[in-house]
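The values are calculated or read from the model by the stated rules, or taken from the named source; none is laboratory data. Note that the coordinates shown come from a computational prediction; the quantities given were computed from them, not determined experimentally. Cβ sites come from the backbone with ideal geometry, for glycine too, and all protein chains shown count toward neighbours. Please note that ligands, DNA and RNA were not included when accessible areas were found on the heavy atoms of the full protein model with its side chains. Shrake-Rupley method; radii C 1.70, N 1.55, O 1.52, S 1.80 Å.
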Amino acid sequence: KGDVLFYREAQLPPGNYTVQLIAYDGSSGKVSVRNTGLEIPSADDAKPRLSSVAVLRRAEKLTPEEQKRDQPFRFGELLVYPNLGEAISKSASKQLAFFLTAWPAKGSTNPLQLTMEILQNNRSVGKTSGQLPAADEQGQIKYASAFPLDKFQPGIYELKMTVGDDKNSVSRSTHFTVAP
């Protein structure tokens, strides 16, 4: 009758992992199993780093006490919830919001540049870039933004983010589906 959100953090060494999710519905007796791949890249503090890119589903305001905890999906006074693959309806949502965390190279004073590119069938349909804000006291840059969906036709798209300094860059991407 509603959504169930299960949240757990784990610190994993670099490598490739398989995450297995199992859901059991007690009232119907049905079981669902899903496997998904997870890659934890090696972290080189001498180069910029970038988290996975999350398309957002919703956000909620945190209490002042909750804002004191460092959480991966905390952005200012908000807790953002990722879209877990659901199609985004243009009639229900006028924008696509996204979230990422970037880390500048250790000791770097140069601001990181962010390039956002949207692809469909491996062809670029839009690209923009700009400078990220400075890192916080923990050395990370949590960044969220959105772009309008009004010119997107229904289909599957790739959202590719690249952050870099004057020496190195790193890219991550995710897919999203636009429904009519």
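Each of Ala10, Pro48, Ile22 was scored by the projection of its Cα onto the charge dipole of the stretch 1-81, and the greatest displacement toward the positive side belongs to Ile22; charges sit on the C-beta of Lys, Arg, Asp and Glu.
Restricted to Cα atoms, the chain shows a radius of gyration and a Dmax of 17.9, 57 angstrom. Heavy-atom surface analysis with a 1.4 Å probe gives the stretch 9-116 a carbon and sulfur content of 51 percent of its accessible area.
Taking all protein chains as shown and a probe of 1.4 angstrom, Asp44 keeps an accessible surface of around 70 Å². Note on Lys68: accessible area is roughly 150 Å² with a 1.4 Å probe, heavy atoms of protein only.
Taking the stretch 141-180 and a reference point 7 angstrom along Cα→Cβ of Ser89, the backbone N atoms nearer than 13 Å belong to 179-180.
Using only alpha-carbon positions in the stretch 88-148, the gyration tensor eigenvalues give semi-axes of 28, 15, 8 Å once each is multiplied by 5 and square-rooted (largest first).
The Cβ shell under 15 Å around Thr115 holds other residues with a net charge of -1, Lys and Arg each +1, Asp and Glu each -1. If Lys and Arg each add +1 and Asp and Glu each add -1, what is the summed charge of the other residues whose beta carbon sits under 15 Å from the beta carbon of Ser124? Cβ neighbours under 15 Å give a net charge of +2. Protection proxy ranking, highest mean first, for peptides 80-86, 33-39: 80-86, 33-39, where packing is the per-residue count of other beta-carbon atoms within 10 Å, averaged. Exposure here means at most 15 other Cβ atoms within 10 Å; with chymotrypsin sites (Phe, Trp or Tyr not before Pro) in a DSSP loop as sites, the longest stretch of the chain lacking them is 8-180. Among Thr162, Thr63, Thr18, the largest mean-square fluctuation in a Gaussian network model of the chain, built with springs joining Cα atoms closer than 10 Å, belongs to Thr18.
What is the gain in length, in nm to one decimal, between Ile40 and Gln153 on full extension, counting 0.36 nm per residue of separation less the C-alpha to C-alpha distance? Difference between extended and current length: 37.4 nm. Structural descriptor for the chain: relative contact order 22 percent, calculated from alpha carbon pairs under 8 angstrom and at least 6 residues apart.
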